[in-house]
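Reviewing the structure listed below.
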Amino acid sequence: MKLIQGLLLHDTPDGTIAVATGEAAKVLNGMIRLSPTAAFLFRALLQDTTEEALVQAVMTSFANAEEAAVRSDVRKLLSELRQAHLLVE
């Protein structure tokens with residue numbers, strides 16, 4: 001799975017945003033402000049990946065991450081992206 005084409009990530013002084021362009025603009029009108037963890041996951045989802053790979057990447061990159069919480073958060077984000085039609089599977 002990966003993000004649909006046309007979602008661009010942009011770092012600003014206030015954080016990272018995802019902006020819809022091209023095909024992505026057909027399903028998302030505007031932009032999404034991302035938490036640091038969501039930005040990390042969005043960057044990982046620019047390439048084809050799996051849920052398990054995302055969990056392991058967060059566990060490796062974020063100190064003191066609790067695996068159960070990470071799994072839950074990754075599942076929730078993926079569910080929201082699916083509902084918004086922002087994932088290609």
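The values are calculated or read from the model by the stated rules, or taken from the named source; none is laboratory data. Keep in mind the model is a prediction, meaning the values are calculated, not measured. FYI the Cβ positions are ideal-geometry reconstructions off the backbone, even for glycines, and counts take in every protein chain you see.
At-a-glance table
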| read-out | value |
| --- | --- |
| Cβ pairs under 7 Å, 6+ apart, first in region 30-59 and modelled with pLDDT of 95 or more, second among the polar types (S, T, N, Q) | L34/T16; A39/T16; F40/S61; V58/T37 |
| Filtered residues of region 20-51 (kept if of a type in the set (V, I, T) and touching a helix residue (DSSP H, G or I) at 6+ places or on another chain (Cβ under 9 Å)) | I32, T37, T49 |
| Scope region 13-29; condition of a type outside the set (S, T, Y) and either within 15 Å of L77 (Cα to Cα) or without any contact (Cβ under 8 Å) to a residue 24 or more places away in the chain (or both); matching residues | P13, D14, I17, A18, V19, A20, G22, E23, A25, K26, N29 |
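Residue by residue, here is whether (1) at positive phi; (2) surrounded by fewer than 16 Cβ atoms within 10 Å (Cβ to Cβ) holds:
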{"position": "I32", "(1), (2)": "no, no"}
{"position": "P36", "(1), (2)": "no, yes"}
{"position": "Q47", "(1), (2)": "no, yes"}
{"position": "L54", "(1), (2)": "no, no"}
{"position": "T60", "(1), (2)": "no, yes"}
{"position": "N64", "(1), (2)": "yes, yes"}
{"position": "A69", "(1), (2)": "no, yes"}
{"position": "L86", "(1), (2)": "no, no"}
